[in-house]
Amino acid sequence: MRMETGLCVLHLFLSPRKPHDPDETDRGAAVAAIQAAEQRGCQVVTAAILGHKGDLAVMALGPEIEALRDLQTGLQRAGLVVTDSYVSITEVSEYAKGLPEHMLQARLYPQLPPEGKPAFCFYPMSKRRDGHSNWYAAPYDKRLAMMHEHGSSGRKFAGQVLQLITGSTGLDAYEWGVTLFGESLQTIKDVVYTLRFDEASALYGEFGDFYVGELAYLDQIFA
Amino acid sequence: MRMETGLCVLHLFLSPRKPHDPDETDRGAAVAAIQAAEQRGCQVVTAAILGHKGDLAVMALGPEIEALRDLQTGLQRAGLVVTDSYVSITEVSEYAKGLPEHMLQARLYPQLPPEGKPAFCFYPMSKRRDGHSNWYAAPYDKRLAMMHEHGSSGRKFAGQVLQLITGSTGLDAYEWGVTLFGESLQTIKDVVYTLRFDEASALYGEFGDFYVGELAYLDQIFA
Amino acid sequence: MRMETGLCVLHLFLSPRKPHDPDETDRGAAVAAIQAAEQRGCQVVTAAILGHKGDLAVMALGPEIEALRDLQTGLQRAGLVVTDSYVSITEVSEYAKGLPEHMLQARLYPQLPPEGKPAFCFYPMSKRRDGHSNWYAAPYDKRLAMMHEHGSSGRKFAGQVLQLITGSTGLDAYEWGVTLFGESLQTIKDVVYTLRFDEASALYGEFGDFYVGELAYLDQIFA
Amino acid sequence: MRMETGLCVLHLFLSPRKPHDPDETDRGAAVAAIQAAEQRGCQVVTAAILGHKGDLAVMALGPEIEALRDLQTGLQRAGLVVTDSYVSITEVSEYAKGLPEHMLQARLYPQLPPEGKPAFCFYPMSKRRDGHSNWYAAPYDKRLAMMHEHGSSGRKFAGQVLQLITGSTGLDAYEWGVTLFGESLQTIKDVVYTLRFDEASALYGEFGDFYVGELAYLDQIFA
Amino acid sequence: MRMETGLCVLHLFLSPRKPHDPDETDRGAAVAAIQAAEQRGCQVVTAAILGHKGDLAVMALGPEIEALRDLQTGLQRAGLVVTDSYVSITEVSEYAKGLPEHMLQARLYPQLPPEGKPAFCFYPMSKRRDGHSNWYAAPYDKRLAMMHEHGSSGRKFAGQVLQLITGSTGLDAYEWGVTLFGESLQTIKDVVYTLRFDEASALYGEFGDFYVGELAYLDQIFA
């Protein structure tokens, strides 16, 4: 099964099956699984994650679902346990239809990771539907204005952070996945903190778990 | 125990007991468990799932509860762990009583999987009962009108997606199970995103975990 | 420690410690643990459960706490893992004081399982205490009227379903446990769905996990 | 580190590491760990718990944190797994300052367990802080009046139940721990159910998990 | 990847992989992992934790992310399991910009642990965004006034407690991490209880899990 337009995006968070025993992870097999995915047209980004939620993030983007599924199986067979994951697809949102073509292409077919942005962050996000703040009951023009305010806030960090928002309504527990590549952890914190005061986030944003770490090749992570 | 009308539906999400060791899953025994269920009148649909929530979905529909229970045991004995599940039954909802007979039959006795729709999605759903939006305190005519709006939205995707809604009030944690078969993951996302703006979803919908993947035979999944 | 009036009720949901290996469960020891409880005055009902939350339900009622505790230990020693449980006691609710004596006795000392009702369902339930709907801040007469409406709805299913409501405020996570014995899964769904429109449920009901399956002897379940 | 006034209270809920194998728990080592704590000035109460949340409760009170910590380690080394826990300290609440000295002493230095009250119950509790009911935004006099009403309700059960409320704001997930010793499970249920109608509970009470069982010596529990 | 200003803070909560077997934890390797982090410019604080959420806290602060990540790996390889964690960075909040330079430095580059404060407490915290209390929709002056009230309450405990608040918006599940070093557990409880009545906490505070224990060297903890 292939994507007609855009890419399918699989975020995997993984830990060694036996963290106390470095020989239990077959690093060679893990690297081979990633290379096999790349040969089938996937981009694969890897990061070392801080904390208990997973030692390693593998973010893979590609047009073919089977290649992503095989990557997951290959990493499991190399002795890694998938502790969390997120499924989404690249998209041009309904608020971004009028953007110039090269910007639309960058959303549908991003080239990752960007240069000089070693800090990695992922979190899922939904829009609220409660009595006080129901995004889906708000008229389009109101939502569009809030998204424009939100975009302006974000653009203050242009050059410091690259943000990729992928759609997951119907595909995973939240409605969007947000992947950030930043110059540093401070930048990541500053962006997300600043945006939280925008109406779109302050009143309507609901956030899942945050995964944060540093881009690294797989053999560095398990060195 | 047999169903008098309609079918009992068991969604099982499974992972190998030892994902790092392909020889630990007895594929032959798993296939045999599915064939035994089919010989007892069950339809069995299998899909490869993306992410950490389970490697495999097995959706079984049949008139006899024991056959579904034995399928579950057979898959466990083949070395698969049931990581999540959902129990529901096919139904004609109170808003659909007037439909033509062949449509009622398609709800009570669906023929699955449909042709040309390899993308598989399952999620459970309830209707809200809070101070602002209480579905069960709304009058029937109001609920019927919302369901008709919802149905109209869904029909825009006719041909691209087959949707099966099964009832689970009193049987599992949510009130309905929703199974979608789509042409692609984009279609799945587009349908669910579009429907979320309907009043029935925007104000009253509560959703559980989403499972998404691709239809595949069991021996493909563990190849 | 003995109950002065009524019975203590222990619902245990269990799975084999090694579901892939039928020889790891000592069926003889499990049956012996149940028989020992029966000899100490307990009623023990067993059911095969569908799905991942447990393969087996053991519902035990008796006047002596130690006998229930020993049953739990005996089942664990037979190789079963207690995946969930519920502790409650039989009661005559404050809304049922005026009932005829034989109905009070049936609530305090039920005879289970009833004939011809193979479908088994258990779920815990509380009454809401929020700003819009606070059961415990509502006056007694209002609560009594809602309970009478609720009782009338339930009586439409008399003969098709036997319902046992046991009290668990202070004993477990919810305020009541509800055990249903029905003619079929459809009946279970119809009852719970119908009752959900009653004010007592629509505005005030909060429900935990639902366990559903079919009455069966232990040796059938692990055949 | 010692308490200047009052005692530190550690509730541990434990299960055997291998519940199917009675020889895996070193009962002698577990008893020795409890005796060692007692020799360092701790009171230790043990109870057999019903259900899946833990087989055993160990409630220890003492002036020295290290003695409680060593007790925990000793029980783990004896083959018991700590499945849940609660950390609190004895206190005289701000609503109880004017009580006679012997009552204050009984709160700071309780003598446990009381005679003739074999039913054991523990649950944690907080006061709500939401838009409708914000305990911490209510004036002191209003809170004091509610606590007096609550105390009056509780005193109707004097002699049947001993209640110990210990403070845990900043120490554990809830703001107080409640330990009840009752004549029977019915008494426990009657007290907690009755108090739930008090304004302090109906509008402001939030409750965690309930643990219920029967006082017993460790060697009885694992007999 | 280095911090430009301030320090990255990693709280790790850990338990022995086999708590029943003291020889399974390689204490020497754990101590060596901490010393290696210290040699790379990290401060490392260790504490014995009470209860089931983890036996040990390791709080590490340093300018270099890799050093923190390697510390985590080193502890895992010594046989410790990371049961929970928190990622944050030191910060000067927007309400503290005008403070004297030495106070700003103490927030960005704290010297830990302080003398004479053996009680250790950690919890994460966010500010509410709901219909009644939305911190991020409140104007800056209102927020500043609330923070000043909050600061005044806290200063009543000056000398008894050292508080470090680190920022984690975009980095972990809550928006701030709070680490307290106190003279005793009573002090910890008194501070947090007192502050809860401030408007900033009563109306806007949301708190995660609390970890509490006593500062200790690693070889004391596993003695």
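Scan the stretch D:194-211 and tell me whether some residue there is under 18 Å from residue D:110 (Cβ atoms), open to solvent by 30 Å² or more (accessible area, probe 1.4 Å) and touching a residue at least 12 places away in the same chain (Cβ under 8 Å). Looking for residues that are under 18 Å from residue D:110 (Cβ atoms), open to solvent by 30 Å² or more (accessible area, probe 1.4 Å) and touching a residue at least 12 places away in the same chain (Cβ under 8 Å), one finds none in the stretch D:194-211, hence no.
In the set (1) in contact with a strand residue (DSSP E or B) (Cβ under 7 Å, 6 or more places away or on another chain); (2) within 20 Å of residue C:200 (Cβ to Cβ), the condition left unmet by residue C:142 is number (1).
Inspection of the stretch B:16-35 finds no residue satisfying the criterion of being in a strand (DSSP E or B), farther than 19 Å from residue B:211 by Cβ and either more than 13 Å from chain C (Cβ to nearest Cβ) or not aliphatic (A, V, I, L, M) (or both).
Here residue A:75 meets each of (1) in contact with a helix residue (DSSP H, G or I) (Cβ under 6 Å, 6 or more places away or on another chain); (2) of a type outside the set (Gly, Ala, Ser); (3) free of Cβ contacts under 8 Å to residues at least 12 places away in the same chain with one exception, condition (3).
For residue A:170, indicate whether it is within 14 Å of chain B (Cβ to nearest Cβ), buried (at least 19 other Cβ atoms within 10 Å of the Cβ) and of a type outside the set (Phe, Trp, Tyr).
yes
Of all the numbered requirements in (1) open to solvent by 30 Å² or more (accessible area, probe 1.4 Å); (2) over 30 Å from residue D:204 (Cα atoms); (3) more than 10 Å from chain E (Cβ to nearest Cβ), residue D:81 misses one, and that requirement is (3). When restricted to residues that are open to solvent by less than 10 Å² (accessible area, probe 1.4 Å) and away from chain A (no Cβ under 11 Å), the stretch B:43-55 contains 1.
Here residue C:117 clears all of (1) charged (D, E, K, R); (2) more than 30 Å from residue B:59 (Cα to Cα); (3) at pLDDT 95 or above except the condition numbered (2). Against the test of being touching a Lys or Arg at 6+ places or on another chain (Cβ under 6 Å) and more than 10 Å from every other protein chain (Cβ to nearest Cβ), the options D:222, D:122, D:157, D:181 yield a single qualifying residue, D:181.
For residue C:97, the criteria (1) more than 21 Å from residue C:196 (Cα to Cα); (2) touching a residue at least 24 places away in the same chain (Cβ under 8 Å) hold in every case but one, which is (2). The set of residues in the stretch E:179-195 that are among the acidic types (Asp, Glu) and not in a helix (DSSP H, G or I) contains only E:183. Only one of the numbered conditions (1) in contact with a helix residue (DSSP H, G or I) (Cβ under 9 Å, 6 or more places away or on another chain); (2) modelled with pLDDT of 95 or more; (3) closer than 16 Å to residue E:1 by Cβ is not met by residue A:188, and that is (1). When the stretch C:1-30 is filtered for residues that are closer than 24 Å to residue D:221 by Cβ, open to solvent by 50 Å² or more (accessible area, probe 1.4 Å) and not acidic (Asp, Glu), the ones remaining, listed by number, are C:2, C:17. So which residues in the stretch B:196-219 are part of a helix (DSSP H, G or I) and more than 9 Å from chain A (Cβ to nearest Cβ)? Result: B:200, B:218, B:219. Whenever a residue of the stretch C:100-116 is over 18 Å from residue C:9 (Cα atoms), its partners that are part of a loop (DSSP other than H, G, I, E, B) and open to solvent by 80 Å² or more (accessible area, probe 1.4 Å), lying with C-beta atoms within less than 7 angstrom and at least six residues away or across chains, give the pairs C:116/C:183. Within the stretch E:2-15, restricting attention to residues that are touching a helix residue (DSSP H, G or I) at 6+ places or on another chain (Cβ under 8 Å) and within 21 Å of residue A:21 (Cα to Cα), the residue that is nearest to the other protein chains (Cβ to nearest Cβ) is E:12.
The C-beta contact set for the stretch B:43-54 (first residue closer than 10 Å to residue B:217 by Cα and modelled with pLDDT of 95 or more, second residue of a type in the set (Lys, Arg) and buried (at least 20 other Cβ atoms within 10 Å of the Cβ), distance under 9 angstrom, 6+ apart or interchain) comprises B:48/A:69.
Every condition in (1) open to solvent by less than 30 Å² (accessible area, probe 1.4 Å); (2) within 23 Å of residue A:217 (Cα to Cα) is met by residue A:89 except one, and the failing one is (2). Kindly indicate whether any position in the stretch D:56-69 is within 14 Å of chain C (Cβ to nearest Cβ), in a strand (DSSP E or B) and open to solvent by less than 20 Å² (accessible area, probe 1.4 Å). So far as the stretch D:56-69 goes, yes, one or more of its residues are within 14 Å of chain C (Cβ to nearest Cβ), in a strand (DSSP E or B) and open to solvent by less than 20 Å² (accessible area, probe 1.4 Å).
Can you tell which of E:77, E:40 is farther than 22 Å from residue A:209 by Cα, basic (Lys, Arg) and touching a His at 6+ places or on another chain (Cβ under 9 Å)?
Selected residue: E:77, the only one of E:77, E:40 that is farther than 22 Å from residue A:209 by Cα, basic (Lys, Arg) and touching a His at 6+ places or on another chain (Cβ under 9 Å).
If you go through the stretch B:98-117 and keep only what is under 17 Å from the mean Cα position of the chain (by Cα) and open to solvent by less than 40 Å² (accessible area, probe 1.4 Å), you end up with B:108, B:110, B:112, B:114, B:117.
The values are calculated or read from the model by the stated rules, or taken from the named source; none is laboratory data. Worth saying up front: this structure is predicted, and the values here are computed from it rather than measured. Note that each Cβ is placed from the backbone with ideal geometry, even for glycine, and that neighbours are counted across all protein chains shown. Accessible surface is based on the protein model in full, side chains and every heavy atom, while ligands, DNA and RNA are left aside. Shrake-Rupley method; radii C 1.70, N 1.55, O 1.52, S 1.80 Å.
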